[in-house]
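Colleague: Before I ask anything, here is the structure I am working with.
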Ligand code: ZN
């Protein structure tokens, strides 16, 4: 994995991120059946796009591909730096990218409330209740079957990204009233831009 992304800063394309309520974000994504170079190029571009945003997770539907795939990295370091031109930028290091294809939760335990955000709903941060611990079975970019246990932020991120594969954006996990308020505010903010 390290080699695959060693030069992520030099290679890869920034993909356009679809914003809520784009139709592709509301579709149930299809399973990945072909583990080919085309898929791996998409994964690389998704990671490149995620780190550039910067974000800690990105699902394929967010970049317009309705397939069951997401990437995440909750461990990388992000340092705010000021460029010679006076602009604020981020320097990223210690990457630990993970790729999840055709994920299925085999177990969910406990509950945890944590503030979430999403690259498809920029500027919105809201508390969401999730399972605290999960076990997920998935495939890697070569089609190998794997399984892992995750808790806390890792578990939250897995559930947030997996929701994207089911056509669910995190604000839809809020109470109906809260969702309505947040949605209205967000759509208004998007019109201004
Ligand atoms: Zn998201």
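No value in this document is a laboratory result; all are computed from the given coordinates. Quantities reported herein were computed from a predicted structural model and do not represent experimental measurements. Heads up, the Cβs are rebuilt from the backbone with ideal geometry, glycines too, and the neighbour counts pull from every protein chain shown.
Colleague: Once both labels are modelled 7 Å past Cα along the beta-carbon direction, what's the residue 41-residue 189 spacing in nm?
Modeller: Using points 7 Å along Cα→Cβ, the separation is 3.5 nm.
Colleague: Give me the percent relative contact order of the chain, please, defined on Cα pairs under 8 angstrom at least 6 residues apart.
Modeller: Taking the mean separation of contacting Cα pairs over the length of the chain, I get 21 percent.
Colleague: Continuing with this model, one more query. For every helix of n ≥ 4 consecutive DSSP H residues, a contribution of -39,500 (n - 2.57) applies; sum these over the chain, divide by its total residues, and give [θ] at 222 nm rounded to the nearest 500 deg cm²/dmol.
Modeller: -8500 deg cm²/dmol
Colleague: Estimate the FRET efficiency between residue 177 and residue 148 by the formula 1/(1 + (r/R0)^6), using the beta-carbon distance for r and 41 Å for R0, to the nearest 0.05. Could you put the intermediate results ahead of the total?
Modeller: Details: r = 36 Å, r/R0 = 0.88.
Between residue 177 and residue 148 the formula returns 0.70.
Colleague: Turning to a different aspect of this structure: Which of these, 106, 87, 44, has the largest mean-square fluctuation under a Gaussian network model of the chain (Cα springs below 10 Å)?
Modeller: 87
Colleague: Compute the Cα gyration tensor for the stretch 107-164, then decide on rounded, prolate or oblate, letting a ≥ b ≥ c be the square roots of its eigenvalues: rounded whenever a/c is under 1.5, prolate when a/b is larger than b/c in the other cases, and oblate in all that remain.
Modeller: Verdict is oblate for the stretch 107-164.
Colleague: Right, here's the next one. What residue among 89, 163, 149 shows peak mean-square fluctuation when the chain is described by a Gaussian network model with Cα springs under 10 Å?
Modeller: 89
Colleague: How large, in Å, is the stretch 46-102 by the Kirkwood hydrodynamic radius built from its alpha-carbon pairs? List each step's numbers first, then the result.
Modeller: On the way: mean 1/r = 0.0810 Å⁻¹.
One over the average 1/r among Cα pairs gives 12.3 Å for the stretch 46-102.
Colleague: So, one more: Provide the FRET efficiency to the nearest 0.05 for the residue 88-residue 33 pair, computing r from the beta carbons and using R0 = 30 Å.
Modeller: The formula returns an efficiency of 0.10 here.
Colleague: For 42, 158, what ranking results if the residue with the fewest other Cβ atoms within 10 Å of its Cβ goes first?
Modeller: Least crowded to most crowded, the residues run 42, 158.
Colleague: Between residue 74 and residue 106, 0.36 nm times their residue separation minus their Cα-Cα distance comes to what?
Modeller: 9.4 nm
Colleague: Can you give me the distance in nm between label points at residue 14 and residue 125, each placed 7 Å from the Cα along the Cα-to-Cβ direction?
Modeller: Calculated label separation equals 2.2 nm.
Colleague: Find the relative contact order for the stretch 82-193 and round it to a whole percent, using C-alpha pairs within less than 8 Å whose residues are 6+ positions apart.
Modeller: Details: 135 pairs, mean separation 23.3, N = 112.
The normalised contact order for the stretch 82-193 reaches 21 percent.
Colleague: Right, another one. Could you give the length gained on full extension between residue 115 and residue 53, defined as 0.36 nm per residue of separation minus the Cα-Cα distance, in nm?
Modeller: 20.5 nm
Colleague: With a 10 Å Cβ neighbour count serving as the proxy for reagent exposure, in which order, fewest first, do 178, 191, 133 appear? Intermediate values should be presented prior to the final figure.
Modeller: On the way: 178 13, 191 7, 133 16.
Going from sparsest to densest Cβ surroundings: 191, 178, 133.
Colleague: For the chain, what ratio Rg/Rh do Cα atoms give with a Kirkwood hydrodynamic radius?
Modeller: 0.96
Colleague: Would you kindly compute the Cα radius of gyration of the stretch 1-102 and its largest Cα-Cα separation (Dmax), both in Å?
Modeller: Computed over the Cα atoms of the stretch 1-102, radius of gyration and Dmax are 14.5, 47 Å.
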